[in-house]
There are 2 protein chains.
Amino acid sequence: MAKTTLALGRVYRLLEPGPVVLVTTANRTRANVMALSWHLMMEFVPPRVGCVLSARNYSFSLLMESRECVINIPTRGLARQVVACGNASGRRRDKFASSGLTPEPSKYVMPPSIRECFANLECRVADTRMVGRYNLFVLEVVHARIDRALARPRTIHHMGSGTFMVAGDLIHLRSRKK
Amino acid sequence: MAKTTLALGRVYRLLEPGPVVLVTTANRTRANVMALSWHLMMEFVPPRVGCVLSARNYSFSLLMESRECVINIPTRGLARQVVACGNASGRRRDKFASSGLTPEPSKYVMPPSIRECFANLECRVADTRMVGRYNLFVLEVVHARIDRALARPRTIHHMGSGTFMVAGDLIHLRSRKK
């Protein structure tokens, strides 16, 4: 998969439709990956993303510790791996090894990017003030890469209990909005 | 469209996949409707939803004033109305009249629900502490209604500039997760 840099001003187009994402985190000795659907765009440029992680997750601890993560966006072919990441804990298991996902170095942050995902958004934690009350992290995307060969990525959108909606057709309407 | 009450514990299944929604707001004299994609689930029960609204929007003022709104979820057939709501301001125009959307009374909140949407989530503002910095409202869903006749609602997911992804096929995987 040949990825190229995506302008930060276009990041919202990837997350606004609401795909499940794989978030990678790391400290100096361990890396982890979790499935996440509870995210929203908060600003276009610099792209800010809010996400809620359960405090029980190992990824929560790693994110608090390193203040960095990568948001990796999978497509339909990775659905099995997404569910596997959601059902195991990185405390007890190397989820890269068990899922077959391939870590590759990120450009600006320590956590690895996932090779098999068509987009990788490298993030730094910008604000933890809502973590105590809501487990809500505010992230800033500092670098984005995308596989442009994929004209219509079949992202998957979680509907609960292992049911996913697969991205369908596109429709285009005239709009003055971003 | 015959709607029935949806258990609050199932609300996340509607929003987690990331559809564009129509948010209705009102004060004693005016009602308004806006299109919104910047939302996330924050808690299962009681269902808490975070959403970011531009402070320039009339809906922002109405939401600050009344502390109530309804999140209405449209399907593909309403795409034209969604874009129309996104491109006009309720300060100058009655968007219910101009869009052809039909307001109907909500059960617990003052803003109307939209008849043509397959789901209506009545919300109260639970926390405005992140509004000043991020325009982020924390809402609590207090009542939810859904049209159960629609087995697979073709929700629409905004990808920027009037392009929408229409919800496609469903896939089911065994999962221990909600």
Among the numbered conditions (1) modelled with pLDDT of 95 or more; (2) surrounded by fewer than 18 Cβ atoms within 10 Å (Cβ to Cβ), tell me where residue A:74 comes up short. (2)
Residues of the range A:53-66 being within 14 Å of chain B (Cβ to nearest Cβ) and open to solvent by 10 Å² or more (accessible area, probe 1.4 Å), which ones? A:54, A:55, A:56, A:57
Looking at (1) touching a Leu at 6+ places or on another chain (Cβ under 7 Å); (2) open to solvent by less than 30 Å² (accessible area, probe 1.4 Å); (3) closer than 23 Å to residue B:21 by Cα, can you tell me which one residue A:45 breaks? (2)
Which of the residues spanning the range B:61-76 are touching a residue at least 40 places away in the same chain (Cβ under 8 Å) and over 10 Å from residue B:32 (Cβ atoms)? B:64, B:66, B:67, B:68, B:70, B:71, B:72, B:73, B:74, B:75, B:76
Whether any residue in the range A:108-123 is open to solvent by less than 80 Å² (accessible area, probe 1.4 Å) and at pLDDT below 95 is what I want to check. no
Would it be correct to say that residue A:32 is in contact (Cβ under 8 Å) with a residue 24 or more places away in the chain, out of contact with any helix residue (DSSP H, G or I) (no Cβ under 6 Å at 6 or more places or on another chain) and buried (at least 19 other Cβ atoms within 10 Å of the Cβ)? no
Give the residues of the range B:151-161 that are out of contact with any strand residue (DSSP E or B) (no Cβ under 6 Å at 6 or more places or on another chain) and either within 15 Å of residue B:13 (Cα to Cα) or touching a residue at least 12 places away in the same chain (Cβ under 8 Å) (or both), sorted by residue number. B:151, B:152
When you scan the range B:154-170, do you find a residue that is among the polar types (S, T, N, Q) and at pLDDT 95 or above, even just one? yes
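The rows are residues; the columns are (1) away from chain B (no Cβ under 14 Å); (2) at pLDDT 95 or above.
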| site | (1), (2) |
| --- | --- |
| A:5 | yes, yes |
| A:11 | no, yes |
| A:24 | yes, yes |
| A:28 | yes, no |
| A:33 | yes, yes |
| A:50 | no, yes |
Filter pass, residue B:22 being within 21 Å of residue A:164 (Cβ to Cβ) and of a type outside the set (Val, Ile, Thr): no
Without any contact (Cβ under 8 Å) to a residue 60 or more places away in the chain, open to solvent by less than 30 Å² (accessible area, probe 1.4 Å), within 14 Å of chain B (Cβ to nearest Cβ) and closer than 20 Å to residue A:31 by Cα, is that true of residue A:88? yes
Criterion violated by residue A:85 - all others in (1) at pLDDT 95 or above; (2) under 16 Å from the mean Cα position of the chain (by Cα) satisfied: (1)
Considering every residue within the range A:101-114, establish whether at least one is assigned to a strand (DSSP E or B), touching a Cys at 6+ places or on another chain (Cβ under 8 Å) and more than 7 Å from chain B (Cβ to nearest Cβ). no
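The values are calculated or read from the model by the stated rules, or taken from the named source; none is laboratory data. The structure displayed is predicted, hence computed values, not measured ones. In this analysis, Cβ positions are derived from the backbone assuming ideal geometry, glycine residues included, and neighbour counts consider all displayed protein chains. In case anyone asks, the SASA skips ligands and DNA or RNA and just uses the protein heavy atoms, side chains included. Shrake-Rupley method; radii C 1.70, N 1.55, O 1.52, S 1.80 Å.
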